[in-house]
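Participant: Dropping the structure in here first, questions after.
The values are calculated or read from the model by the stated rules, or taken from the named source; none is laboratory data. Model, not experiment: these values are computed from the prediction. All Cβ positions, glycine included, derive from the backbone under ideal geometry; neighbour counts span all protein chains shown. With ligands, DNA and RNA removed, areas are computed over all heavy atoms of the protein, side chains included. Shrake-Rupley method; radii C 1.70, N 1.55, O 1.52, S 1.80 Å.
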Amino acid sequence: MSDTVWEPHTVVTEELLDPAPVAALAALFDDGLPAPAPGDPLPPLWHWVALPRWSVSSQLSIDGHPFRGSFLPPIELPRRMFAGGSIAFTGVLRVGDTVRREAVVESVTEKSGRSGKLTIVVTSTVLYAPDGTPAVTEKQNLIYREAATPAPGAPPAPETAATMVPAGPPLDPVGEGAWDFRTDPTLLMRFSAATANAHRIHYDWPYATGVEGYPGLVVHGPLMTLSLAETHRLSGDAETVTALIHRNAAPLFCGQTATLRAQRTASGKTVELFGPAGVEGGAGTVLDLTLN
């Protein structure tokens with residue numbers, strides 16, 4: 001970390017569960033389900049879309065995220081990864097509600113791994129329904145890492161035709177409890193816009209490959225997790241999601257082949273995302289749903 005004096009502090013805001021980005025996410029999924037309208041219950045995890053607000057341009061760092069050192073600590077490591085978290089749904093939020101959000105950084109842990117230095121930041125957020133009762137209690141794990149070193153003098157690899165052609169709806173059913181997950185630059189741009197996410201690794205190919213050392217545009221961790229959760233709605237199950245745990249173990253890059261698979265468990269359901277290596281390569285993202 002830098003020498004900037006920083007202390008965790010609770011940020012309290014009153015915010016609208018905005019119908020416009022909710023409609024934008026429904027249009028992005030294009031999965032045949034009705035778009036949640038004002039007054040309808042907000043589906044699990046859709047608060048990620050309904051609540052974010054754009055930062056003013058003067059507060060954006062080189063990577064597109066707001067400067068660190070205000071809510072988040074002043075970490076100098078450039079790569080940011082949405083690594084997972086857990087959520088309890090103890091009440092109902094409805095599209096169009098005005099809710100109170102209380103957020104705080106719970107812990108900051110510095111470590112050294114195989115890829116060098118890393119810092120793990122855990123944030124805690126509680127969303128209160130209009131009647132003052134807590135409806136969503138969430139913890140998020142963010143990992144900051146050193147950038148990979150691109151090959152000296154090597155230009156960024158061009159996008160392939162497969163990643164340039166719009167893929168259509170991202171979720172395509174391919175069997176009982178299974179979906180293909182398809183991404184393209186247009187999908188990533190639309191999700192960035194819907195979630196007020198200006199992080200350049202999702203839309204700026206030269207930055208993602210030449211500065212942070214990725215092989216291509218990075219698919220948003222929240223987009224993968226939301227897609228896993230959307231399969232529960234698509235399955236038509238009437239059971240309510242009361243809690244969930246999500247883990248993002250590996251990145252997925254724009255245009256890569258991926259498959260989602262769901263299976264029942266004793267407490268509910270587990271949905272996993274498998275990347276190009278398939279089952280042999282292990283799940284890149286896992287969502288455990290507790291159902292009632």
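Participant: Report the accessible area of ILE245, computed with a 1.4 Å probe over the heavy atoms of all protein chains in place, in Å² rounded to the nearest 10.
Facilitator: Approximately 80 Å² of ILE245 is accessible to the 1.4 Å probe.
Participant: Tell me, what is the per residue accessible area of the chain in Å², probe radius 1.4 Å? Don't skip to the answer; put the middle values down first.
Facilitator: Working: 13770 Å² over 292 residues.
Averaged over the residues of the chain, the accessible area is 47 Å².
Participant: Just want to confirm a number: the relative contact order over the stretch 211-292, from Cα pairs under 8 angstrom separated by 6+ residues, in percent.
Facilitator: Normalised by residue count, the contact order of the stretch 211-292 is 35 percent.
Participant: Next up: How about the stretch 66-131: which trypsin sites (Lys or Arg not before Pro) there are in a DSSP loop, with at most 14 other Cβ atoms within 10 Å of their Cβ?
Facilitator: Taking the stretch 66-131 and a limit of 14 other Cβ atoms within 10 Å, the loop trypsin sites (Lys or Arg not before Pro) found are ARG114.
Participant: Measuring from label point to label point, each 7 Å out along Cα→Cβ, what is the VAL5 to THR242 span in nm?
Facilitator: If labels sit at VAL5 and THR242, their model points lie 4.7 nm apart.
Participant: If you add up the charges near THR149, with Lys and Arg at +1 and Asp and Glu at -1, over every other residue whose beta carbon is less than 13 angstrom from its beta carbon, what do you get? Can you show the working numbers first?
Facilitator: Values: positive: ARG79, ARG145; negative: GLU146, GLU212.
For residues surrounding THR149, the net value is 0.
Participant: Order the following by accessible area, largest value first: TYR144, TYR214. Probe radius 1.4 Å; ligands, DNA and RNA are ignored. If you can, show how the numbers build up before the last one.
Facilitator: Values: TYR144 0, TYR214 25 Å².
Order by accessible area, largest first: TYR214, TYR144.
Participant: Which net charge results for the neighbourhood of ASP237, defined as the other residues with beta-carbon distances under 12 angstrom from its beta-carbon, given Lys and Arg at +1 and Asp and Glu at -1?
Facilitator: Working: positive: ARG233, ARG264, LYS269; negative: GLU239.
So the surrounding residues net to +2.
Participant: Taking the Cβ of GLY116 as the centre, find all other residues whose Cβ is under 15 Å away and add up their charges (Lys, Arg: +1; Asp, Glu: -1).
Facilitator: It works out to a net charge of +2.
Participant: On to the next question. Just to check I understand the Karplus step: with θ = phi - 60° and J = 6.51 cos²θ - 1.76 cosθ + 1.60, what whole-Hz values come out for the stretch 75-89, glycine and proline as x?
Facilitator: Result, ordered by residue: 7, 8, 5, x, 7, 10, 10, 7, 9, x, x, 8, 9, 10, 9 Hz.
Participant: Which distance in nm do the two modelled labels at GLU280 and ASP30 give, with both placed 7 Å along the Cα-to-Cβ direction?
Facilitator: 3.3
Participant: Over the chain, calculate the relative contact order: mean separation of alpha carbon pairs under 8 Å at least 6 apart, over the residue count, as a percent.
Facilitator: 18
Participant: For the stretch 141-148, in order, what is each residue's ³J(HN,Hα) by Karplus, 6.51 cos²θ - 1.76 cosθ + 1.60 with θ = phi - 60°, in whole Hz (x at glycine and Pro)?
Facilitator: 10, 10, 10, 10, 9, 6, 6, 6
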